[in-house]
Amino acid sequence: MSKEMKIIAAKEAITYVKDGMTLGLGTGSTVDEFLILLSKEIQNGLNICGVVTSEKTKNLSNKLSIPLTTLENVKKLDLTIDGADEIDADLSLIKGGGGALLREKIIAFNSSEVLIIADESKLVDKLGIFKLPIEVSPYEHEVTSFKIMDKLNEVGYNGSISLRKDDQNIFITDGGNYIYDLSIGLINEPDNLEQLLNLIPGVFENGLFINLTKKVIIGSENGVRVITK
Ligand code: 5RP
C-alpha cells in the first residue's frame, strides 16, 4: 500500500501527542512515517520522551534526535503509537510482521492508550489471512513448534508452521529469540487462541493483540478514518 496512506494516518496520530507525554514508539514502515513527523514537532518545541519497541525504531529515533528513555525510568506510558498487520472489527490485531511483537506487547500493556496507525489494506473481517507470528525460545524450538501444532489440532485448527528466515539465515529477534509463522486459516476466537499459545513452554509471546487498543487510525485514498471501540 502506498506510503501516502501511511503518512495520512501518521499525520492524524500526531494530533494526539501532547506536550510532556511519554510515548511508546512501535515498529514498522507506518511508525517510521510517524517518527519523521514527530521529530519535526520536536524541532518546533514539543517536549516528549519515547520508549522504543525495537532496535530499528531506536536507530531511526536517534537519527531524528527523538529523546528516548526506558519503561523502567518512566514506569508508565501516556500513549503508544504502533502499526498492525491485520485489524478486525473488534480492533483485535495481528502484529509481528516486523518481528518486534514481544517488545511491542510489553509496551502496549504498559500504556494508558494505544493508537494503531495503518493503511486500509490492514482492515479485515476476521483475523488469520496474515500468518500469525509466535516468538519462541531458540532452545529446542522445533519441539516447541510441534507442541504448538498439537495444541492447535486439539482445538480444531489445521495448517502449517514455519520458522522465519532472513534470506537463508534464521531470523533472530532483538531479544535473541526465533519466530514461527503460523498459517491456520481464519481465527474464530482470537482471545482464546492468544491464551492457549502463551501457555506452551518455550513460547514467549504471540502476535494476537486483544483488547490492547481502543482506537485505530486508517489512512486511505479518501483521507483519514478514526475507528473507536
Ligand atoms: C512489527 C509490527 C508492525 O507494526 C506491523 O508489521 C506493521 O508494519 P507496517 O507499518 O510496516 O505495515 O507489528 O512487529
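The values are calculated or read from the model by the stated rules, or taken from the named source; none is laboratory data. The model shown is predicted, which means the values in this text are computed figures rather than measured ones. All Cβ positions, glycine included, derive from the backbone under ideal geometry; neighbour counts span all protein chains shown. Note: areas computed on protein heavy atoms with side chains; ligands, DNA, RNA excluded. Shrake-Rupley method; radii C 1.70, N 1.55, O 1.52, S 1.80 Å.
Out of the residues in segment 132-148 that are of a type in the set (D, E) and more than 24 Å from I87 (Cβ to Cβ), which is surrounded by the most Cβ atoms within 10 Å (Cβ to Cβ)?
If we take residues in segment 132-148 being of a type in the set (D, E) and more than 24 Å from I87 (Cβ to Cβ), then E140 is surrounded by the most Cβ atoms within 10 Å (Cβ to Cβ).
Would segment 15-36 turn up any residue that is more than 19 Å from the chain's Cα centre (by Cα), within 16 Å of the ligand (Cβ to nearest atom) and touching a residue at least 24 places away in the same chain (Cβ under 8 Å)?
So far as segment 15-36 goes, no, none of its residues is more than 19 Å from the chain's Cα centre (by Cα), within 16 Å of the ligand (Cβ to nearest atom) and touching a residue at least 24 places away in the same chain (Cβ under 8 Å).
So in segment 186-227, with the set limited to residues that are in a loop (DSSP other than H, G, I, E, B) and open to solvent by less than 20 Å² (accessible area, probe 1.4 Å), which one is farthest from the ligand (Cβ to nearest atom)?
I200
Take segment 149-185 and flag every residue that is in a helix (DSSP H, G or I) and crowded, with 16+ Cβ neighbours inside 10 Å.
M149, K151, L152, listed by residue number.
Does segment 86-104 contain any residue that is buried (at least 23 other Cβ atoms within 10 Å of the Cβ) and over 30 Å from G185 (Cβ atoms)?
No, the conditions are met nowhere in segment 86-104.
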